[in-house]
Each structure stands twice: as structure tokens, then as C-alpha cells.
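First up is the structure itself, then whatever we jot down about it.
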Amino acid sequence: MASQGLVFDMDGVLVDVTGSYREAIARTVKHFTGLHVAQEQIQNYKNQGGWNNDWALSQKICLDFGVGLDYDRVVEYFQSIFFGPEGLVNRERWIPEPGLLERLGTRFALSIFTGRTREEAAVTLSRYANGIAFDPIVTTDDIEQSKPAPDGILRIKELLAGRELHYIGDTVDDARAASAAGVRFIGIAGGNPELASLLKREGAIAVLQSINQVETVLG
């Protein structure tokens, strides 16, 4: 039995969601306000912390653009463009290079804590990582409080009792959840220097450009 565990966030770590979730935020805002929100602006909201929920963030941006909306109305539209044969979910790109997760799985227990719903996580994992034994997989459907609350990581700590855990994420909320849960945090910042600096300030033991560099940190 592996004595250590790696807990992965999905979006921005395992999956490039520029064309899916981030685009769905932009399209939702455009639909309700008629205004364009740039990807950089969306990232700025994420960097503030407290905006792990993309539905809530879409609602917030609409409000900042002068349009107040019922939350359920935002969720309904967002999901309508995210799923389906032509849905934005189909624009996702799997980030880990072939063999990476298989190698890690020989040394670590692999699990996931994501802000996605169970359905959203299952769609992507079945498409790209059907042979990877992530266990447990904790989603927003499984917890009472979302990130930056540590609920999901604490649940995994309980299920993987005795293992030393690292949480790998790409947002301030991920870093704060790891800190609150008492586990080490590895940040993924892409090519964003501001995000890299923020994650370091939040206590990341390392900040990488991509998950494909994680073996250099783990030894």
C-alpha cells in the first residue's frame, strides 16, 4: 500500500478548460448582459478567491455588469451550453502526458477533489482517464461546503487514513483548502506569473507550469 497520496483538482490541472468552463462563463455573461468578459478578467476574479463555483461567478460578473439574475436561471443557461452533442464540454483537452498518471499510480494513491458535479467529473474522466484508478473521487455533490473550505480534502484524508497527502490545484481557493486541511499544496500556474506569485504566497511548496512537471517535485 502506498504511504503517500496525490489529490488532484481537475480544472486547470488535469483538464484545460479554456474552451469549456471558462468559455461557458463568458457566453453566459454575454447572453444575459450583452457584454464581453475577457479570459483575463475571469482569471482576475479567480485570483481574488471565493469564486470556485463557476455558476456563482457568472452570476457575480453579470451583477457587476449591471444585470441582477436569479442563481437558478444562470445555472440553467450555463448547463444548456455546457452539455449536449455540441456542448462546450467537448472542447476540453486532457493535460497529462501519456504514462504520467500510470507512473504516479505505482508510487502514490491517486484521488480527486473537484468543484465539478459528479456528472461533470464522470463525463471527462470516462473520456480521457478510463484506465486510471482515482479513488476516492470527491465532487461538489459530496460535500456541504465548497472550496476554499477544506471539506473535500478532509474527507479524502479520512478515507486514506495514514497516508501523507499532497493536493495539486491551480487557484487561490485550492491553496486555502489545502492549508485548512493541513496538507501540502503544489500549485499549477500555467504561464501566469501573477497566479504563480499568489500561490506561493498562499503556501505552495512548489508552483509548476504544468502537471507534467510534477515528478520533478515529488522526486
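The values are calculated or read from the model by the stated rules, or taken from the named source; none is laboratory data. Because the structure is a prediction, the values reported are computed rather than measured. Virtual Cβ from ideal backbone geometry, glycine too; neighbours counted across all protein chains shown.
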Segments classed as helices (runs of 4 or more DSSP H), wholly inside segment 10-105, with at least 1 members that are outside the structural domain of T140 (by TED's automatic domain parsing) and farther than 19 Å from D170 by Cβ: 21-33, 54-64, 71-82
Extreme residue, nearest to the chain's Cα centre (by Cα), among residues of segment 108-127 that are of a type in the set (D, E, K, R) and closer than 23 Å to K157 by Cβ: R116
Contacts under 6 angstrom Cβ, first residue in segment 1-28 being without any contact (Cβ under 8 Å) to a residue 60 or more places away in the chain, partner of a type in the set (D, E), 6 or more apart: I25/D54
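Take Y21 and decide whether it is hydroxyl-bearing (S, T, Y) and closer than 16 Å to L195 by Cα.
Answer is no for this residue.
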Residue match in segment 84-95 (condition: over 21 Å from the mean Cα position of the chain (by Cα) and within 20 Å of V13 (Cα to Cα)): no
Selection count, segment 113-123, where residues are buried (at least 20 other Cβ atoms within 10 Å of the Cβ) and either out of contact with any helix residue (DSSP H, G or I) (no Cβ under 7 Å at 6 or more places or on another chain) or farther than 18 Å from T171 by Cβ (or both): 2
Flag for T33 being farther than 26 Å from G190 by Cβ, in contact with a Phe, Trp or Tyr (Cβ under 6 Å, 6 or more places away or on another chain), free of Cβ contacts under 8 Å to residues at least 60 places away in the same chain and surrounded by 15 or more Cβ atoms within 10 Å (Cβ to Cβ): yes
Those residues of segment 9-42 which are under 25 Å from A149 (Cβ atoms) and either acidic (D, E) or modelled with pLDDT under 95 (or both), in sequence order: D9, D11
Long-range neighbours under 6 Å by Cβ, at least six apart or interchain, first residue farther than 16 Å from F8 by Cα and assigned by TED's automatic domain parsing to the domain that holds F8 within segment 184-204, second surrounded by 15 or more Cβ atoms within 10 Å (Cβ to Cβ) and of a type in the set (V, I, T): A196/V207; L198/V172; K200/V207; E202/V172
